[in-house]
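Heads up, the thing below is written out as structure tokens.
What follows draws every value from the coordinates through simple rules; no lab data is involved. Since we're looking at a predicted model, the values are computed, not measured. Here the Cβ is made from the backbone with ideal geometry for all residues, glycine too, and neighbour counts use every protein chain on show.
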Amino acid sequence: MMSSIFDHTLASAREALRSRKISAVELVDAHIDAIERLDGGLNSFITRTPEQARLAAKEADALLAKGEGGSLCGLPIGIKDLFATEGVRTTAASKILGNFVPPYESTVTANLKREGAISLGKLNLDEFAMGSTNLTSAFGGVENPWKLRDSDAKLVPGGSSGGSAAAVAAGLVLGATGTDTGGSIRQPAAFCGITGIKPTYGRCSRFGTIAFASSLDQAGPMARTLQDCAILLESMAGFDPKDSTSVNRPVPHYEAALGRGVKGLKVGIPKEYRIDGLPAEIEAIWQQGINWLKEAGAEVVDISLPHTKYGLPAYYIAALAEASSNLARYDGVRFGERVSGASLDALYEATRAAGFGDEVKRRILLGTYVLSSGYYDAYYLRAQKVRTLLQRDFLKAYETVDVILAPTAPSGAFAWDEKPTDPVQVYLNDVFTVPASMAGVPALSVPAGLDGRGVPLGLQLIGRFFDEETLLAAGSVLERAASFTHRPTIHAGVSA
Amino acid sequence: MSAYRITGETGEWEVIVGLEVHAQIVSQSKLFSGASAEYGGEPNTHVSLVDAGFPGMLPVLNRECVAQAVRTGLGLRAQINLFSRFDRKNYFYADLPTGYQISQFEHPIVGKGTVEIELSDGEIRHIGVTRMHMEQDAGKSIHDQDPTRSFIDLNRAGVALMEIVSEPDIRSPEEAGAYLRKLRQILRYLGTCDGNMEEGSMRADVNVSVRREGEEGYRTRCEIKNVNSVRFVMQAIEVEAQRQVDIWESGGEIDQETRLFDHVKSETRSLRTKEDAHDYRYFPEPDLLPLVIEQSWVDELKAALPELPEDKRARLEKEYGVSRYESGVLTAEQSVADFYETVARGADARLATNWILGDFFAALNRTGRSIEDSPVSAEALRELLSLISDSTINGKIAKEVFEDMVETGEKPSVIVDRKGLRQVTDTGAIEAAISDILAANADKVEEYRSGKDKLFGFFVGQTMKAMKGKANPAMVNELLKKLLAS
């Protein structure tokens, strides 16, 4: 088979650019062309920025020709539309920000651009990152480029970073930014057969990223390989004086950790993750992961994370409480969409009724409720206590193990019309991803295989605070062992 | 003093007052953003994206504001909490950009303290401070510029405030006034708040309840919001307490509610009842880490604190021998005390006190100037006093020179030279003048010598007049006595 430009990973494209085997213009044009061909259906982009990208590509080629340019010089990526981008519409997939063009740039995207990455546009997501299906976007749902073996039904890409996952999987971009509040990077990465990292809380600045739940939101990379994720994360991460919760410690050379191996590493298998009704296929892939790590020389240990079962309910209380407050600023007064009213209250009501979708409204109501006088202690305060206990679970586990292995999601991707009508059923998608979010520890998802219906399944690794490197080392072993080379039905390099 | 009581139909009532004072922190920039915290400015010119609550913007705590809060806590002799935390107070309003105010609810930076107040009869009382926390101000809604629209000015949004909450220890309008003035004085001394109530940099929420004389416990209170002068606070307490007494006595109940004071009608009006009260849904601000400060930093700030009013007062009394009343006047403002000390240090302290409390204050009043832009500098006044002390001029001439200084701003020595006011201490010249006067008034000399002592004053007056007031009074006395006796 003739090699196509779409066979490149971010890392190999970086080499090809530096050795001038390809030009940035060529690379960017090919991807813009792929977006034009495929994204009408996938709907992974909310806003495309081909003109800016072509200009940037020319500049990148000029730098590369001189042997200059940052670590991501000339590489086309996509930006989840939750990151503010100066002069480029930033919507959070909500009508209320439908025409919002920020005069400022988020720190994470500024870091990527500083290294020369070229954005092809803003990627679709669940409205305000609230969802696990990417069907709550005001700009329409995203289609997963994967298909079931025996059906042409549209599948969900997972969420909330569904646009990022779909675009990366379909080869429309070499990598993308995501954000993860309770699994929003890991679950769509698993659903779309790609790799994603949720770094330690505080590793990447939140400045300029539209907030869902401030104490949980964390930006991270999504790409087709762990090496690509490592390259992106190294640029995205770092202390930012504009975010008081970002952490001031040096950013390691993540790529260097990939080859460390797992010899002597202790891997914990949390028994509480063997939940009732866990599909046999998930169980099997998990066991497969255990075997791969063992074969590579890791020691596998059964561990207990006793408060796991309280993670999901506590998460939905803590996250929605913060969300209800974070979204109060969308009131039609200073920016965004406004629907006029006869009084200030009428303006608020009309603006927010028209501007927010159902899931966002549901979450604002729930969040408001759990903070209300008389309910605060029973809900919010208890959720905070659970959070402390979850964190303690992990700290205790890390006294004996170096990393924890678990499934990423309780299922593979499902069809748009298979989405449960009960919102709580949808929330269950996050059951394996939420505990790490609540504890603030880093986690990643790598594709491990296909399920019986022909869609990818992911494995999750959860690490120590700020020990993304061990995660990358162990993840890399899984990645090599799985040698996941399957491609989705819809792919830039296939349908051309 | 006799306790403040409201006499109702059925007996005597005591008034219980607690004050929540909002004081704007003196700082260059706002509590959580780099925008200017300066008062005034064209609307919406001191606003950053953080202040306007744009998506993805995050607060970053201003270290200087924390230092100011700690200084204030130290000035209130209060406990400084090394651990404190910010919370969100959620409510919707057009001039509250994020839909929440960042405040400190559960863990304020300053704990219990006290403010010593002095009442008009000299009685000293201690008013407890429950706590003090930092919070951000909201913007300003302007409703009177357009018939259908309101305008929003966010210049004030995000400016740092301190909320100082008193215990319900205040028992009369006078005490409330004394407490506010004292608080204002302390904050101004510390330089942590300019205390300017007209510009809104200090305002008070007043909690008022009443109870029968001798009754234990408290009855339901009402909160009067946002009163912006000491006088209005005192008036509001008076009318609100009377309103409550009237209701209790007519068999009614007081509802816990928020009220507004209308100083034109001199009444309070209901703003919202308990049922309409906001549910602020406080929770810890997730965008900020808990605020942890070091004791060593607090100690540093403490060591660098300026002298506080009470200490300064005691020192002035001791060092300069001023009375309790005088020390009160001289320390009311730090600038006055500084002025006083510049004049009195190394001069005749009594003379300095008398001049400043007398002619100098009178001149300020007359010219409508403040001590900061006084027409006569402390150095110039000190020079004037030294001219008196070293007998260059006498007291009477000094007053004339002083008026000239107020008028022209010239140095006293320049005026004395220009006008030729230097005191005559030449014995010969004075003797010559006296001889002329005695010769011209031989009859009066006779009368004096036959025992009419009172005429001595007449001779003094005539001599001074002849010398155009410039003769040294002591020498005139001495020489007159000698010549009249001869």
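What is the set of long-range amide H partners of A:Gly268 at a cut-off below 5 Å, with H atoms built 1.01 Å from backbone N?
It is A:Val301, A:Asp402, A:Val403, A:Ile404, A:Leu405, by chain and number.
What ³J(HN,Hα) values, in whole Hz, does the Karplus curve 6.51 cos²θ - 1.76 cosθ + 1.60 give for the range A:276-281 when θ = phi - 60°, with x put for Gly and Pro?
Along the range A:276-281, the couplings run 4, x, 5, x, 4, 5 Hz.
Ranking B:Leu483, A:Leu472 by Cβ neighbours within 10 Å, fewest first, what do you get?
B:Leu483, A:Leu472
How high is the relative contact order of chain A, in percent, with contacts defined as C-alpha pairs under 8 Å that are six or more residues apart?
Working: 1205 pairs, mean separation 89.4, N = 496.
Relative contact order comes out at 18 percent.
7 Å from Cα along Cα→Cβ at both A:Lys66 and B:Glu106: what's the point-to-point distance in nm?
Here the answer is 5.5 nm between the modelled labels.
Explain nothing, just compute: Karplus ³J(HN,Hα) = 6.51 cos²θ - 1.76 cosθ + 1.60, θ = phi - 60°, for every residue of the range B:286-301 in order, whole Hz, x for Gly and Pro.
Listing the rounded values in order: x, 7, 10, 6, x, 8, 10, 10, 8, 4, 5, 5, 4, 4, 4, 5 Hz.
Extent of chain A along each principal axis, from alpha carbon coordinates, in Å, largest to smallest?
65, 56, 50 Å, listed from the longest principal axis down.
Set Lys and Arg Cβ to +1 and Asp and Glu Cβ to -1, take the dipole of the protein assembly as shown about its Cα centre, and tell me which of A:Leu135, A:Thr225, B:Gly139 lies farthest positive.
Selected residue: A:Thr225.
List the pairs from A:Lys309/A:Lys361; A:Lys80/A:Lys361; A:Lys198/B:Lys140; A:Lys147/A:Lys263 whose alpha-carbon separation is above 31 Å, in the order I gave them.
Values: A:Lys309/A:Lys361 26 Å; A:Lys80/A:Lys361 22 Å; A:Lys198/B:Lys140 41 Å; A:Lys147/A:Lys263 37 Å.
Distance filter (> 31 Å) returns A:Lys198/B:Lys140; A:Lys147/A:Lys263.
Counting only residues 5 or more places away or on other chains, whose amide H sits under 5 Å from the amide H of A:Thr47 once H atoms are built in the peptide plane?
Residues meeting the amide H criterion: A:Lys122.
Residues with amide H under 5 Å of B:Phe283's amide H, sequence separation 5 or more or different chain, H placed in the peptide plane at 1.01 Å from N; which?
B:Arg88
Using unit Cβ charges (K, R positive; D, E negative) and no other charged atoms, how large, in debye to the nearest 20, is the dipole of the protein assembly as shown about its Cα centre? Mind showing how you got there, number by number?
Working: 108 positive and 134 negative charges, 315 e Å.
The calculated dipole for the protein assembly as shown is roughly 1520 debye.
Can you work out the PRE-style zone for B:Glu9? Point 7 Å along Cα to Cβ, and I want the residues of the range B:222-265 with backbone N under 12 Å.
The answer is B:246-252.
Can you work out the FRET efficiency for the pair B:Tyr39 and A:Val25, with r the C-beta to C-beta distance and R0 = 51 Å, to the nearest 0.05? Write out the running numbers ahead of the final one.
Values: r = 54 Å, r/R0 = 1.07.
Working from the Cβ atoms, E equals 0.40.
Among B:Gly409, A:Ala16, B:Ser374, flag the residue with its Cα farthest along the positive direction of the charge dipole of the protein assembly as shown, charges on Cβ as +1 for Lys/Arg and -1 for Asp/Glu.
A:Ala16
Which stretch or stretches of the range A:238-264 have amide N atoms under 20 Å from the point lying 7 Å from B:Glu294's Cα along the Cα→Cβ direction?
A:248-249
Once both labels are modelled 7 Å past Cα along the beta-carbon direction, what's the A:Ser343-A:Leu365 spacing in nm?
Distance between the two pseudo-spin positions: 2.2 nm.
What full-extension length gain, to one decimal in nm, is calculated for B:Ser389 and B:Ala474 as 0.36 nm per residue of separation minus the Cα-Cα distance?
Going from the current span to full extension adds 29.3 nm.
Run the helix sum for the protein assembly as shown: -39,500 (n - 2.57) per DSSP H stretch of 4+ residues, divided by residue count, reported at 222 nm to the nearest 500 deg cm²/dmol. Intermediate values should be presented prior to the final figure.
Working: 31 runs with 366 residues, N = 982.
-11500 deg cm²/dmol, from helical runs alone.
With +1 on each Lys and Arg Cβ and -1 on each Asp and Glu Cβ, and nothing else charged, work out how big the dipole of the range B:26-131 is about its Cα centre, in Debye to the nearest 20. Spell out each step's value before the answer.
Values: 10 positive and 11 negative charges, 99 e Å.
Result for the range B:26-131 is approximately 480 debye, rounded to the nearest 20.
Suppose R0 equals 22 Å; then what is the FRET efficiency for B:Asp255 and A:Ser372 from their Cβ-Cβ distance, rounded to the nearest 0.05? The partial results should precede the final answer.
Numbers: r = 22 Å, r/R0 = 1.01.
The formula returns an efficiency of 0.50 here.
How big is the Rg/Rh ratio for the range A:247-304, C-alpha atoms only, Rh by Kirkwood, two decimals? Walk me through the numbers on the way to the answer.
Details: Rg = 15.1 Å, Rh = 13.6 Å.
Looking at the range A:247-304, the ratio lands at 1.11.
Would you please give the FRET efficiency between A:Ala284 and A:Ser12, computed as 1/(1 + (r/R0)^6) with r the Cβ-Cβ distance and R0 = 25 Å, to the nearest 0.05? Mind dumping the intermediate values first?
Values: r = 32 Å, r/R0 = 1.27.
The formula returns an efficiency of 0.20 here.
Obtain the nm distance between the two label points defined at B:Glu223 and A:Glu51 by a simple spin-label model: each point lies 7 Å from its Cα along the Cα-to-C-beta direction.
5.3 nm
Could you work out the relative contact order of chain B? I mean the mean sequence separation of Cα pairs under 8 Å and 6+ apart, divided by the number of residues, in percent.
On the way: 863 pairs, mean separation 66.3, N = 486.
Relative contact order comes out at 14 percent.
For the range B:262-277, just list the computed ³J(HN,Hα) in residue order, Karplus coefficients 6.51, -1.76 and 1.60, θ = phi - 60°, integers in Hz, with x standing in for Gly and Pro.
9, 6, 6, 8, 6, 8, 9, 10, 5, 9, 7, 8, 4, 5, 8, 4
Please go through the range B:355-415 and write out the GluC sites (Glu not before Pro) that DSSP classes as loop and that have at most 10 other C-beta atoms within 10 Å.
Numbers: sites: B:Glu372, B:Glu379, B:Glu383, B:Glu400, B:Glu403, B:Glu407, B:Glu410; in loops: B:Glu372, B:Glu410.
Within the range B:355-415, the qualifying GluC sites (Glu not before Pro) (loop, at most 10 other Cβ atoms within 10 Å) are B:Glu372.
Full-extension gain between A:Lys396 and A:Ser3, please, as 0.36 nm times their residue separation minus the C-alpha to C-alpha distance. Display every interim value, and only then the final one.
On the way: separation 393, 0.36 × 393 = 141.48 nm, distance 4.84 nm.
Between A:Lys396 and A:Ser3, full extension yields 136.6 nm more.
Starting with the fewest neighbours, write out B:Leu154, A:Leu112 ranked by other beta-carbon atoms found within 10 Å of each beta-carbon. Write down the numbers at each step before the final one.
Details: B:Leu154 23, A:Leu112 26.
Taking fewest neighbouring Cβ atoms as first place, the list is B:Leu154, A:Leu112.
Please report the Cα spread of the protein assembly as shown along all three principal axes, rounded to whole Å, starting with the longest.
The principal-axis extents, from largest down, are 143, 80, 60 Å.
How many partner chain Cβ atoms sit within 10 Å of a residue's Cβ in peptide A:375-382, on average, as a whole number?
Details: counts 2, 4, 0, 0, 0, 4, 1, 0.
Going residue by residue through A:375-382 and averaging, the value is 1.
When B:Leu180, A:Leu428 are ordered from fewest to most other Cβ atoms inside 10 Å of their Cβ, what list results? Before the final figure, lay out each step's value.
On the way: B:Leu180 27, A:Leu428 17.
By the 10 Å Cβ count, ascending: A:Leu428, B:Leu180.
May I ask you to list the residues of the range B:328-345 whose amide nitrogen lies under 20 Å from a point 7 Å from Cα along the Cα→beta-carbon direction of B:Arg181?
Label zone hits: B:328-340.
Positive end of the charge dipole of the protein assembly as shown (Lys, Arg +1 and Asp, Glu -1 on Cβ, about the Cα centre): tell me which of A:Ala473, B:Ile393, A:Val386 has its Cα farthest that way.
A:Ala473
Which value, in debye to the nearest 20, gives the size of the charge dipole of the range B:5-298 about its Cα centre, when Lys and Arg are +1 and Asp and Glu are -1 at the Cβ? If you can, show how the numbers build up before the last one.
Details: 33 positive and 48 negative charges, 147 e Å.
Once rounded to the nearest 20, the dipole reads 700 debye.
By how many nm would the segment from B:Glu446 to B:Asp121 grow when fully extended, if each residue of separation counts as 0.36 nm and the alpha-carbon distance is taken off?
That pair, B:Glu446 and B:Asp121, stretches by 111.5 nm at full extension.
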